[in-house]
Amino acid sequence: MTDHSSPGALPIGRGLRGRCPRCGEGHLFQGFLGLRPACEHCGLDYGFADAGDGPAVFVILIGGFIVVFAAMITEIVYQPPYWVHAALWLPLVLIVTLAPLRPIKGLLIALQYHHKAQEGRLERRSDG
Ligand SMILES: [Zn+2]
């Protein structure tokens, strides 16, 4: 197992590259957005990983802002015919939504691993 970063460092680069948050070597994804069951390099069980709607929320907020802002500027400055808007913004919507989904999902899972975040569960207090 090779760990190039200090133990306390945030695994941001690993997440963005879709690598295992613990060892940075194994792959996180199988297919476009599906997760592997575990890291093939260090054996970390990916069962904890659940980014939920987080990646979609960031993509909608950031991508939506980029496209709407660009469309407004273009309309104000050039006032082009509507087919120009369609030709410009439909492909841009696909680019700004599909391209960052995987890095953002990897980043959220890496941060989830780093901060040991998971669903709430009840603690047993039998032995005080
Ligand atoms: Zn690993």
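Quick look at the values:
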| quantity | calculated |
| --- | --- |
| The chain, accessible surface, carbon-and-sulfur percent (1.4 angstrom probe) | 64 |
| Tilt relative to the chain, helix 54-78 - C-alpha long axis, 0 to 90 degrees, to 10 | 20 |
| Over the chain: helical MRE at 222 nm, DSSP H runs n ≥ 4 each giving -39500 (n - 2.57), nearest 500 | -17000 deg cm²/dmol |
| Largest-first ellipsoid semi-axes for segment 1-126, taking √(5λ) over the Cα gyration tensor eigenvalues, angstrom | 38, 16, 13 |
| Pairwise FRET efficiency - His115 versus Asp45, Cβ, R0 = 25 Å, nearest 0.05 | 0.90 |
| Where the Cα pairs of segment 63-128 fall when distances are cut into 5 Å bins, in % | 3, 13, 15, 13, 10, 9, 8, 7, 6, 5, 3, 3, 2, 2, 1 |
| Nonlocal amide H pairs with Phe29, under 5 Å, H built at 1.01 Å | Arg36 |
| Accessible solvent surface per residue of segment 7-63, calculated while the other protein chains remain in place, 1.4 angstrom probe, Å² | 54 |
| In order through segment 101-109: 3J(HN,Hα) via Karplus (6.51 cos²θ - 1.76 cosθ + 1.60), integer Hz, x for Gly, Pro | 4, 5, x, 5, 5, x, 5, 5, 5 |
| Probe 1.4 Å, all protein chains present, accessible-area order of Cys23, Cys42, largest first | Cys42, Cys23 |
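The values are calculated or read from the model by the stated rules, or taken from the named source; none is laboratory data. Since the model is a prediction, treat every value here as computed from it, not as a measurement. FYI the Cβ positions are ideal-geometry reconstructions off the backbone, even for glycines, and counts take in every protein chain you see. Side chains included, ligands, DNA and RNA excluded: accessible areas come from the protein's heavy atoms. Shrake-Rupley method; radii C 1.70, N 1.55, O 1.52, S 1.80 Å.
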